[in-house]
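Q: Quick one: the structure is below, questions incoming.
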Amino acid sequence: MNAVFAGSDADDIVPALEAEGVAVTRIDGVATRPALEEAGIVDADLFVLTDVGQATAVPIARDLTDDLRVVVYSRDSLPEFASGQVDFAVDPDLLGPDAIAEELAGAA
């Protein structure tokens, strides 16, 4: 499974995903269309976003990739325009990174 990750990783979701065998490509900076393409979003199975300030990346990623699962892992609320395009949104205080990573890797 391949994942593209955008945002900060204060809750260590990337190491948890990698421990489950997920190949993760991180986007440094803003997840713009060129950044998503360079990170390999067109071949990704999963897009993980932790910075809801970059929510515009969600519809861009969806537009670029068929069958992409989009996960928002943040304590902040997702803007309404993007919330309908997210498969799974979870607060890190409610479900830890290991549990999320196991669920995502197992659903592949």
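Q: Enumerate the pairs (first residue in region 14-27 and under 12 Å from D98 (Cβ atoms); second residue anywhere and polar (S, T, N, Q) and modelled with pLDDT of 95 or more) with beta-carbon separation below 8 Å, excluding pairs fewer than 6 apart on the same chain, so at least 6 apart or on different chains.
A: Partner pairs satisfying both residue conditions: none exist.
Q: If I ask for residues that are surrounded by 16 or more Cβ atoms within 10 Å (Cβ to Cβ) and out of contact with any Phe, Trp or Tyr (no Cβ under 8 Å at 6 or more places or on another chain), which ones from region 52-63 would you list?
A: V52, Q54, I60, R62
Q: Considering only residues that are modelled with pLDDT of 90 or more, assigned to a loop (DSSP other than H, G, I, E, B) and among the hydrophobic types (A, V, I, L, M, F, W, C), look in region 79-108 and name the one that is surrounded by the most Cβ atoms within 10 Å (Cβ to Cβ).
A: That would be V86.
Q: Here is a further query. Among (1) free of Cβ contacts under 8 Å to residues at least 40 places away in the same chain; (2) closer than 19 Å to L104 by Cα; (3) among the small types (G, A, S), where does A44 come up short?
A: Here A44 clears every test but (1).
Q: Among the residues of region 26-52, write down those that are assigned to a helix (DSSP H, G or I) and more than 13 Å from the chain's Cα centre (by Cα).
A: R33, P34, A35, E37, E38, V42, D43
Q: Could you look through region 29-49, keep only residues that are β-branched (V, I, T) and surrounded by 22 or more Cβ atoms within 10 Å (Cβ to Cβ), and pick out the one that is farthest from F5 (Cα to Cα)?
A: Within region 29-49, the match that is farthest from F5 (Cα to Cα) is I41.
The values are calculated or read from the model by the stated rules, or taken from the named source; none is laboratory data. Being a predicted model, the structure only gives us computed values, none of them experimental. Counting neighbours? That spans all protein chains shown, and the Cβs are built from the backbone with ideal geometry, glycine included.
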